[in-house]
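**Student:** Below is the structure I would like to discuss, written out as structure tokens.
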There are 2 protein chains.
Amino acid sequence: MNIATDTRSRIIAAAKTRFHSRSYANVGIQEICDNAGVQKGSFYHFFPSKRDLAMAVIDEFADDWANGFVAEAFDPALPPMERIDYLIDAAYFWQKSIKEVHGRMLGCIFGNLTLEVSTQDDILRAKLLAIFTQAKFRFKDALEQAVAEGTIAPLDSELTAEAMLAYLEGVILLAKSQNDPELLYRLGPAIKTLRIELKRA
Amino acid sequence: MNIATDTRSRIIAAAKTRFHSRSYANVGIQEICDNAGVQKGSFYHFFPSKRDLAMAVIDEFADDWANGFVAEAFDPALPPMERIDYLIDAAYFWQKSIKEVHGRMLGCIFGNLTLEVSTQDDILRAKLLAIFTQAKFRFKDALEQAVAEGTIAPLDSELTAEAMLAYLEGVILLAKSQNDPELLYRLGPAIKTLRIELKRA
DNA sequence: ATGATAGATGACCGTACGGTCAAGAAAATC
DNA sequence: GATTTTCTTGACCGTACGGTCATCTATCAT
């Protein structure tokens, strides 16, 4: 059973870096197999289709995120608004280190895939949406705690959280168009200026 | 010459809708030719490569924008901050009408292409970057006029402009992940809350 | 020891990809 | 009217795509 899971995860590992650094359509299964040292027939033993591989890749990236610096950023021990700063910082350093290693800014895999496939594959779109929704609630929790503490004035926490997530994705997109993670450094902190007021009753 | 330019623009027209509604890699030249009623050899008479077609498509979209509702939005006769409202509105109604016709939210072609190709093709990336830069300056002008008028407090107009553009792209991305243009309506207006202060001397 | 199951192999399927080319038709130039 | 240029045609190139399959080899429980 161990060898099996190892093959499977070698496939996923090979796919992760490629989907991230190029695109879904531009990476072929043959290439992934070659890189993972796996036969194509073996690939289809583990994944019914390319889309299923993408699902697994998204899951792994989401895990990396949730257990990596996102967990650190949204540490309940930190003051709520500092968590947001921390997340921006972490995203900046992550993209920067990717560029140092890889020579290019690769951006956010979830954003990349969303814009590429979400008009063509509702199942992948739903999966990506779920991840964004999860991220939104992290922001929302932080905002609500900040309001409860009196650190910030009351606001529509859910919409503001969504706006912040959108802003983060947008900044990463723009930075990718410049191939320059420094844009994250310059624009990132402004995320805290975003506010959507509560609807008047 | 007329027939020739007509063929060329039929090719571009067929490519525009397809690149917008799917992706660059997912649309083949054969399909574009079939739809434009053109032979493949004829295609390569007008475009040296698929990338050159993409360049032309980007140019046409940029023209549509610049001469369409962006020109209306950034009308110097409008109060500067209202121009930004107008742009958000226009983006919302545009995406909404696309969805009504097409059944899906297609998002921003420039954002879509940026995330798909900018790690793979520096020439396309440069082209897209130039369009974002142009858009940034529209925001910047509006902001500077608003500051001059005293409508808003002084700020770093260039960085704030860039932040606003990023936010717009991010909101469109998130809306696409939900296949719901209404998100633009809910989140869009918050663009005016974004602020990046001037660096202290 | 045996039979079932899980995994690996590599040839193979049809189709589509971006791109090329020689030849012919149509238009513009002289 | 002849020549040159622009445009069109349709067959063709090699390669890669996602996916299938029969066969073989481990691994496992009984």
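The values are calculated or read from the model by the stated rules, or taken from the named source; none is laboratory data. Every value quoted in this text rests on a predicted model; they were computed, and no experiment measured them. Please note: Cβ atoms are built from the backbone with ideal geometry, for glycine as well, and neighbour counts cover all protein chains shown. Accessible surface areas use protein heavy atoms only, side chains included; no ligands, DNA or RNA. Shrake-Rupley method; radii C 1.70, N 1.55, O 1.52, S 1.80 Å.
**Student:** Out of all the residues in the stretch B:173-192, which are facing chain A (nearest Cβ under 8 Å) and in contact with a Gly (Cβ under 8 Å, 6 or more places away or on another chain)?
**Tutor:** B:Leu173, B:Lys176
**Student:** Taking the criterion of being more than 18 Å from A:Arg138 (Cβ to Cβ) and either out of contact with any His (no Cβ under 8 Å at 6 or more places or on another chain) or in a loop (DSSP other than H, G, I, E, B) (or both), would at least one residue in the stretch A:158-173 satisfy it? Full working, then the answer.
**Tutor:** To start, the set of residues in the stretch A:158-173 that are more than 18 Å from A:Arg138 (Cβ to Cβ) comprises A:173.
When the remaining residues are screened for being either out of contact with any His (no Cβ under 8 Å at 6 or more places or on another chain) or in a loop (DSSP other than H, G, I, E, B) (or both), the result is A:173.
Looking for residues that are more than 18 Å from A:Arg138 (Cβ to Cβ) and either out of contact with any His (no Cβ under 8 Å at 6 or more places or on another chain) or in a loop (DSSP other than H, G, I, E, B) (or both), one finds at least one in the stretch A:158-173, hence yes.
**Student:** Further, regarding this structure: Take the residues in the stretch A:113-156 that are open to solvent by 50 Å² or more (accessible area, probe 1.4 Å) and not in a helix (DSSP H, G or I); name whichever of them is nearest to the other protein chains (Cβ to nearest Cβ).
**Tutor:** For the stretch A:113-156, the residue satisfying everything is A:Gln120.
**Student:** Also, quick follow-up: Would you please name the residue that is nearest to DNA strand D (Cβ to nearest atom), looking only at residues in the stretch B:41-53 that are open to solvent by 90 Å² or more (accessible area, probe 1.4 Å) and in a helix (DSSP H, G or I)?
**Tutor:** As a first pass, look at the stretch B:41-53 and keep what is open to solvent by 90 Å² or more (accessible area, probe 1.4 Å): B:44-45, B:48.
From the residues that got through so far, the ones that are in a helix (DSSP H, G or I) too are B:44-45.
Working: B:Tyr44: 7, B:His45: 3 Å.
Per the criteria, the residue is B:His45.
**Student:** Quickly run through the stretch B:157-172 and pick out the residues that are more than 9 Å from chain A (Cβ to nearest Cβ) and touching a residue at least 24 places away in the same chain (Cβ under 8 Å). Outline the logic, then answer.
**Tutor:** Let us first name the residues in the stretch B:157-172 that are more than 9 Å from chain A (Cβ to nearest Cβ), namely B:157-158, B:161, B:164.
B:Ala161, B:Met164, listed by residue number.
**Student:** Separate question: In the same structural domain as B:Arg125 (by TED's automatic domain parsing) and loosely packed, with under 15 Cβ neighbours inside 10 Å, is that true of B:Ala77? Can you show your working first?
**Tutor:** On the way: in the same structural domain as B:Arg125 (by TED's automatic domain parsing): yes; loosely packed, with under 15 Cβ neighbours inside 10 Å: yes.
Answer is yes for this residue.
**Student:** Next up: Across the stretch A:10-30, what is the number of residues that are more than 11 Å from DNA strand C (Cβ to nearest atom) and more than 14 Å from every other protein chain (Cβ to nearest Cβ)?
**Tutor:** Of the residues in that region, 5 qualify.
**Student:** Take the residues of the stretch A:69-112 that are part of a loop (DSSP other than H, G, I, E, B) and charged (D, E, K, R): which is modelled with the lowest pLDDT? So that I can check it myself, show each step before the final result.
**Tutor:** Residues of the stretch A:69-112 part of a loop (DSSP other than H, G, I, E, B): A:74-79, A:103-108.
Narrowing the set further to residues that are charged (D, E, K, R) leaves A:75, A:104.
Numbers: A:Asp75: 87, A:Arg104: 97.
Out of the qualifying residues, it is A:Asp75.
**Student:** How about the stretch B:82-107: which of its residues are polar (S, T, N, Q) and crowded, with 16+ Cβ neighbours inside 10 Å? Before the answer, list the steps.
**Tutor:** At the first step, the residues of the stretch B:82-107 found to be polar (S, T, N, Q) are B:95, B:97.
Hit for the stretch B:82-107 is B:Gln95, nothing else.
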